[in-house]
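For reference, the structure discussed in these notes is given below.
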Ligand code: ADP
Ligand code: ASP
Ligand code: MG
């Protein structure tokens, strides 16, 4: 079995849906197809939620009307027969009724999650009806029945394995196209939740791992993982092959093409992940499949915003042991992961991206010494096979960044990663200069 995930840009237009149908019907093999919401819809649902939270009912109503219009036009263009168009309209009406009902009740977090789930629920229903209009053997299964997270908000693998296989064995043997929603799930309490923005990639990988799929394919609007962020840097190019580790680092450090966590489940079971372009299916894209990276030097650069850098300066650190442990314990106590660390004899700098407990962390750090905090930082992550002894690599990086104020550099922690922390205002410049300097 192959798992194919199509993102918002792929499902976002009627032409895109036609193209997906062609891709998944090239052969008759059994496939599980994971879909996102139509592009922009999750953003719209987020906006409706924000309006409702601020009690801006009138503005929320306007946004809802625009959303309804988008679906009306979409269905009009996609469906060829009145009967299928009517079936689809009825399903969209159910979701839209739910969305409108949010205007009339107190807006809670759990209603927000249900609101956010409507995008994927609608897109999968539309696509399944589209396949049926073309007389294909498809079935729609509901991700809310088998994707669940545990008390730590981590995917509950055992539950996913069992529930998904129970659902699949019940499908008729001739049904070779199984459609489901990405992103949405239930939490440990059984309430509707999601796997965070961009989470459809994660669903595909979780489901692929649960089924021990032959391959997980992520179809999007670009031909695979590029060597740098194409939204910032011109003339980036697609990387034919990556190791799981390299891809995981790039995803975690901001390569938006993949959800930060989506490589791990595939890596655990050594299932190849292929990144492909829906509008250019003949392009080879990127294959992520090896344990070890191949080649030498830097393969790709990614950047992650929203980083806070914290420096703790203390003379007590000098010649002392146990200091770092006590500092790290504070981050552990507040369940806040640290990404980059640099140290000197009398100071330590760390970065975090979860600022939920920032105030508490800072007040517990202050007794250690002087604490400095820099907000709005970005981590630039250079990934590849850095043979430490290879001359010239570090000087190339430093030379590229000579006019960019650098807050931290972490080198030597692993041979796959060099991280540089800069103020976000210098990120684009740094990415461009590194692109010119290291490739
Ligand atoms: P989808 O809706 O299919 O999930 P996303 O917008 O989440 O699509 O991801 C695809 C986008 O990721 C591309 O259009 C591209 O602009 C962006 N992107 C950022 N960094 C990279 C990178 N290193 N390689 C490829 N794409 C990247
Ligand atoms: N629709 C969700 C989002 O926009 C999930 C996804 O597209 O992966 O974040
Ligand atoms: Mg995405």
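The values are calculated or read from the model by the stated rules, or taken from the named source; none is laboratory data. No experiment lies behind these values; they were computed from the predicted model shown. FYI the Cβ positions are ideal-geometry reconstructions off the backbone, even for glycines, and counts take in every protein chain you see.
Tabulated data
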| item | result |
| --- | --- |
| Test for residue 396: is it within 20 Å of residue 308 (Cβ to Cβ) and either assigned by TED's automatic domain parsing to the domain that holds residue 376 or surrounded by fewer than 17 Cβ atoms within 10 Å (Cβ to Cβ) (or both) | no |
| Residue list for the range 230-250, filter: without any contact (Cβ under 8 Å) to a residue 24 or more places away in the chain and crowded, with 18+ Cβ neighbours inside 10 Å | 248 |
| Some residue of the range 279-288 being crowded, with 20+ Cβ neighbours inside 10 Å and within 16 Å of residue 416 (Cα to Cα) | yes |
| Residue among 301, 310, 257 that is without any contact (Cβ under 8 Å) to a residue 40 or more places away in the chain and either more than 16 Å from ligand 3 (Cβ to nearest atom) or not in a strand (DSSP E or B) (or both) | 257 |
| Residue that is surrounded by fewer than 16 Cβ atoms within 10 Å (Cβ to Cβ), outside any strand (DSSP E or B) and under 24 Å from the mean Cα position of the chain (by Cα), where the choices are 335, 427 | 335 |
| Qualifying positions in the range 111-123 - touching a strand residue (DSSP E or B) at 6+ places or on another chain (Cβ under 7 Å) and more than 10 Å from ligand 2 (Cβ to nearest atom) | 113, 114, 121 |
| Search result, residues across the range 2-23 that are over 20 Å from residue 121 (Cα atoms) and either within 16 Å of ligand 3 (Cβ to nearest atom) or in contact with a strand residue (DSSP E or B) (Cβ under 6 Å, 6 or more places away or on another chain) (or both) | 2 |
| Leading residue by the ranking (nearest to the chain's Cα centre (by Cα)) among those in the range 179-191 that are more than 14 Å from ligand 2 (Cβ to nearest atom) and not in a loop (DSSP other than H, G, I, E, B) | 186 |
| Conditions (1) out of contact with any strand residue (DSSP E or B) (no Cβ under 9 Å at 6 or more places or on another chain); (2) closer than 20 Å to residue 200 by Cα; (3) assigned to a helix (DSSP H, G or I); number of the one not met by residue 144 | (1) |
| Criterion (in a helix (DSSP H, G or I) and within 16 Å of ligand 2 (Cβ to nearest atom)) met by exactly one of 209, 158, 204 | 204 |
| The range 224-254: number of residues that are outside any loop (DSSP other than H, G, I, E, B) and farther than 12 Å from residue 416 by Cα | 5 |
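Here is a yes/no grid of residues against (1) within 23 Å of residue 23 (Cβ to Cβ); (2) within 13 Å of ligand 1 (Cβ to nearest atom); (3) in contact with a helix residue (DSSP H, G or I) (Cβ under 6 Å, 6 or more places away or on another chain):
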site: 242; (1), (2), (3): yes, yes, no
site: 254; (1), (2), (3): no, yes, no
site: 262; (1), (2), (3): yes, yes, yes
site: 279; (1), (2), (3): yes, yes, no
site: 292; (1), (2), (3): no, no, no
site: 307; (1), (2), (3): no, no, no
site: 327; (1), (2), (3): no, no, no
site: 341; (1), (2), (3): no, no, no
